[in-house]
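Written below as structure tokens is the structure these notes are about.
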Amino acid sequence: MIGDLRLEIEERKNELKTERKILMATQKNTNYKLLFTILLALVLSISMYSFASAQGPAPTDDEVNAIAKKLFCPVCENTPLDVCPTEACRQWREQIRQMLIEGKTEDEIIQYFIDTYGARASGDPPNKIASYLIPVTAIFLGTALLLRALQMWKKPKAAESAIPAGEAKQVHQDEYFNKLEDELKKRK
Amino acid sequence: MIANLGLGILLITFIVTVYSAVTAAASNPKGLARLLRSLPSLRAKRFADELEKLETPQRAASMAESARRAMLLTFPLLTLTSLLLIYLLVNDHYEVKFVYEVTSRSMPTYLKVTAWWGGQAGSLLFWSWLMSAFASLVTLRKWDRDREFLPWVIFVSCVTLAFFVGMTAFFENPFRVFYQTETGVEAHFFPPANSIPFTPEDGRGLNPLLRHPGMIIHPPLLYLGFVSYVIPFAFAIAALITGRTDDRWIRLTRRWSLWAWLFLTFGLVLGGRWAYDVLGWGGYWGWDPVEIAAFMPWLTGTAFLHSVMIQEKRGMLKHWNMLLIILTYDLVIFGTFLTRSGVLSSVHAFAQSAIGPLFFVYIAMTLIVSVALVIYRWGELKSETEMNSLLSRESLFLFNNLLFMSILVVCFWGVIYPLTSELFTGSKVTVGPAFYERANGPLFAGLMFLMGIAPLSAWGHSTLKTLGRAMWLPTIAAVLVTVAIFATYTHNVYALIGFFLVAFVILITLYEYWRGSRARMKIHSENILTAFWNLTARDRRRYGGYIVHISMMLMAIGILGIELFQMETQGTLEVGQQQSIGGYDVVYKDIARFTGPDGREVTRATLSIYRGNEYLGDLHPRIDYYWDSQQSMTIPGQRATMKDDLYILLVNWEPASATGATFKIYVNPLVNWLWMGSLLFLIGIIIAAWPDKDPERVAVRAGKRARQASAAD
Amino acid sequence: MTETNPPRRAVPLWIQIVVWVFLAGLLVLVALGLSRRQQGTVQPGEVIDDFALTFYSGYELSGKTEIKFSDLRGKVVVLNFWASWCKPCEQEAADLQQAWTEYAPTGEVVFLGVDYVDTEADARVYLKKFGITYANGADLATKISQYFRIKGVPETYFVDREGVLRYVQIGPFSGVDQIREQIDLLLK
């Protein structure tokens, strides 16, 4: 129920943002879906676990950790905030809890961390296009190169295509065995 | 005294390696001359003429022999150096800076020995020692048929060795000794003016994270993998320099690359196991830059393993294999560089040091020289045969290579992106696991699919029809398995795709086995077990490879399980309180703080585990605080089954406050399959890589026998 | 091999150029990254670029909630990076405050505390605990610390009246004398 309420607020906020900027909306929507699943999971887990804190408005450790998981410790590098054992990280998790109590959404909290502690605090690189575009382009280039090479190598083939047709007449079992034997023999 | 002796021997080793490299290169002036002639300089050509006059067979042979002996000498020398270092470590010689940094009096002796590779300087020495062992091993073999390779293999090995030994000797020397001077305590080789020796009371102790058994074996295995890739690389360069560019170098190094791959893979798995047991992340792999640094040579190494088969069988891809092994070698060095130079920030990083630029220069040089050599020999490396069918095995292997390279690109970009971002925008960024998982997920799925169909396709030619005939039965079975999983376990689409591919690969591979065995049963009238045994024995590489494929799929089950179905919860419990997760009930019973061995303070909780009313046992998550290094370690309490692992971390406990202790509880489904898979992997790879007496003669004999056998039939 | 000249022998020039350019680009990138890491902090003698610092309320600089560094020309600036989770910072906190109370009346020295990746709540506890009264603000998005390329906290930078960095203290001060000494040098 808490989740539902928060979901509604989130929804309204998202609508406002959509009006502002269309480009951002797509991104927010995926986040929204993610948030939905997380909140659903939380609602489920809250109802399942006999945890005392679930009734009150105080966020559980699990709610805090769900957000902290997406953030990185700003000082001990490359350590997700939810598993970082240092004192500083405990303070930051406390900060998340505080912000949850204030009714901040996950997106707002993450954005706050980026604004305060730099882009490094988020596990997602700020420039999504650059971070994904380059490897994807490289992969496409590689694929194109390979296909081109395959085409080049394929040219002189007319002579060979007759052989397998003859083989295909043989009984399946023997063919398989012959193939196996052939390969074993070919092994130098 | 002993430290000085160690220093002396290290310096001698360096001279010996340099001598060996130079002599090896000089023993083959013709090769050098040929290389020089390709340079666009008249003087180089004249010099080349002079060089060619120098070569006489006797001189060449004696110089090569001298280089070989020098190279063989490095192993005993480095062994002695290492023994001296171990002596210092074990006997608490804290006046030695390295000993002070990695050991302390309270450490047990075996840890003092393994502290050898616990710090920058020592691990560089360890690297060099392994390298010299491998290089010696390779020079001990019979060289009759490959005389011309020998000097260049020695040359490449010794250049690599000289680089590492030089680094150890001049920049990260483990034999520096403390002296008290006017300005303070400093570490030097020889006493500076107006100084007295200084011996600290106790050492700082090994980083607690490195005291775990997993960490004791994990670095040596990784290093073994790294180092053994130097050998195929050395042969490849030898082939390029001598111009003997047929597949001889590949045949000679086939087993080396298999063993290298074995060590690297197992090193990676053990690293994962260590992270799972020690880091308290609830996981085994965090896409940390340093993990990726070790993963990248594995990717190219695995691609190499497959693509060399194409060259052996079809005489194709000569260029590509050269490039792959060069890439693997330089990624090995690059990985070492990333870990040690401080260029990346990472949990694993060694302290910043001066060796970064040197590593960089070395990588740049080897990369440029190797690529130049490949371009120089490009014409002679032309492929022999043509490609006939998109579904032929060689073409599928090419796609396999494409996927491995794509994963490499993703990983490399992920590692390098923070660097570029910092350079161009001035802001530091983190590339988290989400990026790698999103980008690599489909690529891994593609690899699994290829793993399924490639064994069915034939070399040279395959059609959809032949493939389909071999595939339809296992495919239907895999679909049935997936439906069953859908009905009973999960509706998650990614999981279902993953499990389908796992089932697909395993069933097809088993079906292949079965078809092969059945064919043998019919024709040789053997029973199923002998048929199975003989089939494997006939082509160990192939069937060992199949076992490796199956083992990879078992690991994939574990990875899918923990990635997609991990459950976690955290909460503060009072004694007697209970927490439930994933069908387990966890009751917090007790907590105690006491002083453990080797000077650590242990805070150990006891929790009872129930499923329903059934009592399953106690778990003991604990926090170890090491006074000497002022670091703490969170050791989980684990209960592992094939279905799932219950994994409990003690997050926080303040003895003063009576509110209880905070626990983080994970349920990690199926993760045990990962470790089981790695054991099967070991079996498979050993079957594939176990040395024959003389691989070639045996193969010839086997071929003859096979021909006789089939003639008799 | 120079005698026999098989067709299609060499790699086309353009491919060679592409390969070398790519390789060179990669190496330059890594080299730049490496040199940046090896660089260390901003060195004495460099002119400090302008940056903005927003103060915590109650810790403003002569009533202003935000200043530009260039506004402080003509004054000696002591820029101290600290954090509430940092144990060594506590060693020097009292000394810094002591020095501040000594030099504040002259009006020629400005102390700026830059709170490196910290939560405001914890920062306030820290400031109160050590009775700090000089201006303090958060290093938003770690922009300032990235500019100075700090290696950790505490670090203190002494900037002269012309805006030129004169001295860098890595780690805590040994005592208030050390702070006085540096300031007096710049006041001459």
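The values are calculated or read from the model by the stated rules, or taken from the named source; none is laboratory data. Not measured: the values here are computed from a predicted model. In this analysis, Cβ positions are derived from the backbone assuming ideal geometry, glycine residues included, and neighbour counts consider all displayed protein chains. We work out accessible area using only protein heavy atoms, side chains counted, and drop any ligands, DNA or RNA first. Shrake-Rupley method; radii C 1.70, N 1.55, O 1.52, S 1.80 Å.
Structure notes:
- Lys-Lys pairs in the stretch B:1-206 that are eight or more residues apart or on separate chains and whose Cα atoms lie under 17 Å of each other come to 4.
- Of every Cα-Cα pair in the protein assembly as shown, the percent that sits beyond 55 Å: 24 percent
- Stretching the chain fully between B:Arg43 and B:Ile15 yields a gain of 7.1 nm (0.36 nm per residue, less the alpha carbon separation).
- Potential lengthening of the chain between B:Glu654 and B:Arg69 amounts to 204.3 nm, from the contour at 0.36 nm per residue minus the alpha-carbon distance.
- Residue of C:Val125, C:Val47, C:Val30 that the Gaussian network model of chain C assigns the largest fluctuation, springs spanning Cα pairs under 10 Å: C:Val30
- Over 18 Å between alpha carbons, listed pairs A:Lys104/C:Lys143; A:Lys128/C:Lys143; A:Lys104/A:Lys128; A:Lys154/B:Lys465; A:Lys154/B:Lys382; B:Lys589/B:Lys664: A:Lys104/C:Lys143; A:Lys128/C:Lys143; A:Lys104/A:Lys128; A:Lys154/B:Lys465
- Ellipsoid equivalent to the stretch B:1-206 - semi-axes via the Cα gyration tensor, in Å: 42, 19, 12
- Antiparallel bridges, percent of DSSP beta bridges restricted to the stretch C:52-187 (to nearest 5): 60 percent
- The stretch B:570-672 - Rg (one decimal) and Dmax (whole number), Cα, Å: 14.0, 44
- Cα shape, chain B, gyration tensor, a/c 1.5 rule: oblate
- Separation of the C:Arg180 and C:Ala121 label points, Cα + 7 Å toward Cβ, nm: 4.0 nm
- On the beta carbon distance between B:Val369 and B:Leu464, with R0 = 51 Å, the FRET formula returns roughly 0.70.
- Interface between chains B and A: roughly 5900 Å² of accessible area buried, both sides summed (probe 1.4 Å, protein heavy atoms only).
- Efficiency of FRET between C:Gln39 and C:Lys129 - r from beta-carbon atoms, R0 35 angstrom, step 0.05: 0.50
- Each of A:Leu133 and B:Ile683 was given a label point 7 Å from its Cα along the Cα-to-Cβ line. The distance between the two points is 5.1 nm.
- Per-residue ellipticity at 222 nm from helix content only, as computed over chain B with -39500 (n - 2.57) for each DSSP H run of at least four residues, stands at -21500 deg cm²/dmol.
- The share of accessible area on the stretch B:570-672 that comes from carbon and sulfur is 48 percent, using a 1.4 angstrom probe.
- Rounded if a/c under 1.5, otherwise prolate or oblate - the stretch C:52-187, Cα gyration tensor axes: rounded
- Once the C-beta distance of C:Ile170 and B:Ile528 is scaled by a Förster radius of 60 Å, the resulting FRET efficiency is 0.25 to the nearest 0.05.
- Ranked packing of C:129-141, B:587-599, most packed first, by mean Cβ within 10 Å: C:129-141, B:587-599
- The stretch C:52-187 - accessible surface per residue (Å², probe 1.4 Å): 41 Å²
- Additional length obtainable on full extension of the chain from C:Thr101 to C:Tyr147, 0.36 nm per residue less Cα span: 13.7 nm
- Tensor-based shape of the stretch C:15-91 (alpha-carbon gyration tensor, a/c under 1.5 rounded, otherwise prolate or oblate): prolate
- Bridge type composition, the protein assembly as shown - antiparallel percent by DSSP, nearest 5: 85 percent
- Order by protection proxy (mean Cβ within 10 Å, highest first), peptides B:673-684, A:100-111: B:673-684, A:100-111
- At least 24 Å along the helix axis (C-alpha) and Kyte average at least -1.0, DSSP helices within chain C: C:13-38
- Solvent-accessible area lost in complex, 20 Å² minimum, residues of the stretch A:102-121 relative to chain alone, 1.4 Å: A:Asp115, A:Thr116, A:Tyr117, A:Gly118, A:Ala119, A:Arg120
- Test item: B:482-489 mean partner chain Cβ contacts at 10 Å: 0
- Computed with a 1.4 angstrom probe on protein heavy atoms, the C-B interface buries about 2500 square angstrom of accessible area in total.
- Residues of the stretch A:70-88 with amide N under 18 Å of a point placed 7 Å along Cα→Cβ from B:Ala434: A:70-74, A:78-84
- When exposed loop sites are taken as GluC sites (Glu not before Pro) in a DSSP loop with at most 11 other Cβ atoms within 10 Å, the longest stretch of chain B clear of them is B:385-573.
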